[in-house]
Amino acid sequence: MKLPFAESFKIKMVEPIRRSTREEREEWIKNANYNLFNLRSNQVFVDLLTDSGTGAMSDRQWSEMMLGDESYAGASSYYKLKNAIKHITGFDYFLPTHQGRAAENVLFSALIKEGDIVPGNSHFDTTKAHIEFRKSQAVDCTIDEAFDTELDYPFKGNIDVNKLEKVLSNNPKEKIPLIIVTVTCNTSGGQPVSMKNMKEVSAVARKYGIPVYYDSARFAENAYFIKMREEGYGNTSIRDIVKEMFSYADGMTMSSKKDAIVNMGGFIGFRHKEVFDKASVYNILFEGFNTYGGMSGRDMNALAQGLYDGTEFDHLESRIGQVAFLGQMLRDKGIPVQYPFGGHAIFVDAKRFLPNIPKEEYVAQTLAVELYIEGGVRGVEIGSIMADRDPVTGQNRYPDLELMRLAIPRRTYTNDHMRYVAAAIINVFERRDKITKGLKIVKEAPILRHFTVELEKV
Ligand code: F0G
């Protein structure tokens, strides 16, 4: 018998979580204005809101916390992190930031000006918001295959090189400060970008003289998929794949809260000193002096170790295996989910799950609320609420996909939790015909509205 994968860790410390009753949850979610971000964590049983900053650190990371050097300038923790970043990614220069969007803020302050165009593969919401905040435009060049949730395609995060080349050839070079490749592509379902695609993007970018930056929050999961799915990489180590991936980029932004398994942190990696120097000014302004940025010494230490933990094959195999375990239980019941399964989350296709809800009534949010009421499981809407209004027309934007994302924190929940989550979703699926009314917005912010939006039942 082939031995199945099993978790590459054992558990040394536990945190109690509590189940609640349906009546309690109905009350709580109403008081939260049907916005799952407004729930208290103790009102949630299994929290799949995000895999960001919610992972369990290893004993090695915790021991590194004790060795943190909190010197304002030149801390040994800074050099430890610098060495780890160089070793894992190959980038010579880096700036520590407090999280991924801070890295975006600093980098974009140095590179993007009003009226610019930033092509990429379904930019993440904070990335897009930081672009639009600068009165620039994020242009989505993701391959069309990504938008068919049933299509079995191994690299649904890929950039359509023809779409990209059209943008590059139709606009003056001065208006395109960078191309952003998100690995894995969160918005299209945690889907990987192939090495071949990275090479092609790099070649086109070079032809037009435009730098390429990777939004790298889940770079190690991307490398795992390349190893498992792309011809020629089956025998290459994760770390060698990672090195090759980044060799096609001019730099990276990193939310360390994902694949580096820390609760807070981020950084920017640079190949070129000129850009590093330019961005340093903004880093000092927004984040802190260059040898700590937005991080304390102990957090830089934990992050340095996390870069090693997160790029171990055994970790990635059990982590991505757990995501697939949940996905397969749902697929076996005919529940429409993005397939192949992504690296960090299962994305339920809400339009196909709840065909009776019109798009104006926020289908994925409606589903996420139903799932919470059913089992105290918190997912998140990746759909028209998150898509915000068009900054020019003020109209709601309705993306092709309305998804409910179930993001799995790293090393945090067991497969029994996954069984529980699957059962709750299956229960909602079995009563889906009775769900005929969605939600309406009663209050919203002008940008990133999903965090604070207030809703009512229609
Ligand atoms: N880029 C990607 C691809 C992300 O998924 C995120 C965060 C960021 C950038 C921003 O990083 O949160 O550290 O400021 N994604 C989280 C999520 C919030 O739930 O997917 P951050």
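The values are calculated or read from the model by the stated rules, or taken from the named source; none is laboratory data. All figures in this text were calculated on a predicted structure; none of them were measured in a lab. Backbone-built Cβ (ideal geometry, glycine too); neighbour counts: all protein chains shown. Heads up: the accessible areas ignore ligands, DNA and RNA and are worked out on the full protein's heavy atoms, side chains in. Shrake-Rupley method; radii C 1.70, N 1.55, O 1.52, S 1.80 Å.
Annotations for the structure displayed:
- Solvent exposure of residue 169, expressed as accessible area, is near 70 Å², computed with a probe of 1.4 Å over the protein chains only.
- Linear extension gain, residue 412 paired with residue 436, 0.36 nm per residue minus alpha-carbon span: 5.2 nm
- Calculated FRET efficiency for the pair residue 76/residue 359, C-beta based, R₀ 51 Å, to 0.05: 0.40
- Near residue 21, once Lys and Arg are set to +1 and Asp and Glu to -1 for all other residues with Cβ below 14 Å from its Cβ, the sum equals -1.
- When the helices of the chain are scored as -39500 (n - 2.57) per DSSP H run of n ≥ 4 and the total is divided over every residue, the value at 222 nm lands at -12000 deg cm²/dmol.
- Using a Förster distance of 25 Å, the FRET efficiency for residue 41-residue 8 (Cβ separation, nearest 0.05): 0.40
- For the range 49-56, Karplus couplings with θ = phi - 60° (6.51, -1.76, 1.60), whole Hz, Gly/Pro x: 4, 7, 9, 9, x, 10, x, 9
- Dipole of the chain computed with +1 at Lys/Arg Cβ and -1 at Asp/Glu Cβ about the Cα centre; of 375, 398, 164, farthest Cα towards the positive end is 375.
- Taking a ≥ b ≥ c as the square roots of the Cα gyration tensor eigenvalues, the range 384-445 comes out oblate, since a/c reaches at least 1.5 and a/b does not exceed b/c.
- Dimensionless Rg ratio for the range 340-399, taking C-alpha atoms and the 2.2 N^0.38 Å reference: 1.23
- Potential lengthening of the chain between residue 444 and residue 92 amounts to 122.5 nm, from the contour at 0.36 nm per residue minus the alpha-carbon distance.
- Only Lys, Arg, Asp and Glu carry charge here, each on its Cβ (+1 for the first two, -1 for the last two); on that basis the range 59-310 has a dipole of about 560 debye about its Cα centre.
- Cα-projected label distance for residue 17 with residue 419, points at 7 Å along beta-carbon direction, nm: 1.6 nm
- Apportionment of accessible area to carbon and sulfur, the chain, percent (1.4 Å): 52 percent
- Scaling the Cα radius of gyration of the chain by the globular reference 2.2 N^0.38 Å produces a ratio of 0.94.
- With the charge dipole of the range 131-261 set up from +1 on Lys and Arg Cβ and -1 on Asp and Glu Cβ about the Cα centre, the Cα lying farthest toward the positive end among the listed residues 183, 211, 260 is that of 211.
- The range 59-310 - accessible surface per residue (Å², probe 1.4 Å): 38 Å²
- Computed log₁₀ I(q)/I(0) - Debye formula, equal Cα scatterers, no solvent, the range 59-310, q 0.12 Å⁻¹: -0.65
- Accessible surface ranking that places the most exposed of 13, 300 first, with a 1.4 angstrom probe: 13, 300
- Under-5 Å amide H pairs with residue 138, H placed in peptide plane, nonlocal only: 118
- Estimated distance in nm for a label pair at residue 175 and residue 145, the labels positioned 7 Å out from Cα along Cα-to-Cβ: 3.1 nm
- Extension gain, residue 153-residue 328: 0.36 nm per intervening residue step, less the Cα-Cα distance, totals 61.4 nm.
- Annotation: peptides 382-391, 445-454, ranked by per-residue average of other Cβ atoms within 10 Å with the highest first, follow the order 382-391, 445-454.
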